[in-house]
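Okay, so here's the structure we're looking at.
The values are calculated or read from the model by the stated rules, or taken from the named source; none is laboratory data. Since the model is a prediction, treat every value here as computed from it, not as a measurement. We place every Cβ from the backbone using ideal geometry, glycine too, and count neighbours over all the protein chains shown.
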Amino acid sequence: MTRTLLFIPAFATLALAGCATPAGPSESRLELEAYAAECRERGGIIQPIPGAYSGRPRADYACVISGQASRL
């Protein structure tokens with residue numbers, strides 16, 4: 001009986017958290033897509049930076065541009 005009473009608050013919390021999630025794409029996901037498009041325009045691709053987990057795409061991903069270096 002007491003085990004059941006302990007699980008009820010935990011289940012209720014998880015159920016409410018599921019209802020609180022946004023229906024559309026998250027802001028960071030939209031920012032990541034914009035960053036990827038900007039990187040592609042420059043001739044690169046985005047790659048995750050190992051160990052970077054800030055939730056900000058420009059801090060967590062690097063725009064890697066491969067090709068020949070310019071002689072500027």
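All told, G55 meets the bar of being surrounded by 10 or more Cβ atoms within 10 Å (Cβ to Cβ) and either at pLDDT 60 or above or of a type in the set (S, T, Y) (or both). All of (1) at pLDDT 60 or above; (2) in a loop (DSSP other than H, G, I, E, B) hold for L32 with one exception: (2).
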